[in-house]
Amino acid sequence: MLVSARSFAEYRAMFALTDRDLDQRVLDCPAGAASFVAEAGRRGIDAVAVDREYAVHREELGLLVERETGFKRELLVQETAGFTPSWYADTDDLVRQWTANSRLFRADIAARPERYVAGALPGLPFPDASFDLVLSSHLVFSYGNRLGEEFHRAALLELARVARREVRLFPLMVYDTGERYHGLDRLREELAGAGIGSRVERVAYEFQPGDGEMLVLSCAGYRPPPAAAPRTTAVDPVRWRHREAALPTACG
Ligand SMILES: C[S@@+](CC[C@H](N)C(=O)[O-])C[C@H]1O[C@@H](n2cnc3c(N)ncnc32)[C@H](O)[C@@H]1O
């Protein structure tokens, strides 16, 4: 798993956020080293970040992501072979932007640590309906090749539990197959049965070609069961390859 560092402007495009949307209490889950909350804070927006990785790394996460992004430049070139993510001019531009974003993240988590909460889907450390709007980018559906449908079901219900109005998720495409998550329609039907309406909307942002759509969950009518359903854990650990490369070999 990769910890990425997208910007406020990317979030705005990815989730088709209006000024009115941002006039609410917002949760970014999982936030990674994104600068959305940092930049939102500068604009007076009430936004909170949650990520599993904050239990392990906090202030140093920005620096780790910066080093990892630079280290993985060649890998990113291969992963994006055949396409240029439309947001970036080229891979070097992606590295430059993620580096700048992770620096903003790093400064903000040091200055406003209370805005960065350690927590893991599908068991977030917030009471029901704690946020008006919950944004979730590049974990659910995106890692659909590694995280099973049970995790997806539990994660979607958990995101809906902490949202008073809406959850928006991007992308709906599994990153390494380039196809829409196979269980999407089935999960949407199950959510509808639980009182959570959903719709797919096109957005003016693509990371991979053809992935420019988000899922919007309408949560106002959802009443989560009082006792949480058994929580499944899905672990796809972050690999810090730049650190592995720095380890001495057995011979040396
Ligand atoms: C690809 S990053 C996306 C970060 C950010 N949304 C962005 O677009 O830049 C995926 C993030 O998911 C986090 N993550 C993985 N599994 C998680 C879980 N079960 N609960 C919360 N965060 C998780 C990772 O630590 C990582 O920061």
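The values are calculated or read from the model by the stated rules, or taken from the named source; none is laboratory data. Computed from a predicted structure; not experimentally measured. Don't worry about glycine lacking a Cβ; one is built from the backbone with ideal geometry, like all the others, and counts go over all protein chains shown. Areas reflect the complete protein model, heavy atoms only, side chains present, ligands, DNA and RNA absent. Shrake-Rupley method; radii C 1.70, N 1.55, O 1.52, S 1.80 Å.
Numerical summary
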{"quantity": "Ordering of 2-14, 45-57 by burial proxy (mean other Cβ atoms within 10 Å per residue, highest first)", "calculated": "2-14, 45-57"}
{"quantity": "Largest-first ellipsoid semi-axes for segment 8-218, taking √(5λ) over the Cα gyration tensor eigenvalues, angstrom", "calculated": "25, 22, 16"}
{"quantity": "Most mobile of HIS242, HIS138, HIS152 in a GNM of the chain (Cα contacts under 10 Å)", "calculated": "HIS242"}
{"quantity": "Loop-resident sites, segment 72-178, for chymotrypsin sites (Phe, Trp or Tyr not before Pro), counting at most 15 other Cβ within 10 Å (DSSP)", "calculated": "PHE83"}
{"quantity": "Sulfur and carbon atoms: percent of accessible area, the chain [1.4 Å]", "calculated": "51"}
{"quantity": "Value at 222 nm in deg cm²/dmol, rounded to 500, when DSSP H runs of n ≥ 4 in the chain each add -39,500 (n - 2.57)", "calculated": "-10000 deg cm²/dmol"}
{"quantity": "Accessible solvent surface per residue of segment 68-172, calculated while the other protein chains remain in place, 1.4 angstrom probe, Å²", "calculated": "40"}
{"quantity": "Positive-end extreme of charge dipole, the chain - chosen from GLY123, PHE71, MET14 (charges on Cβ)", "calculated": "GLY123"}
{"quantity": "The chain: DSSP helices with Cα axial extent of at least 15 Å and average Kyte-Doolittle hydropathy no lower than -1.0", "calculated": "59-71, 91-111, 149-161"}
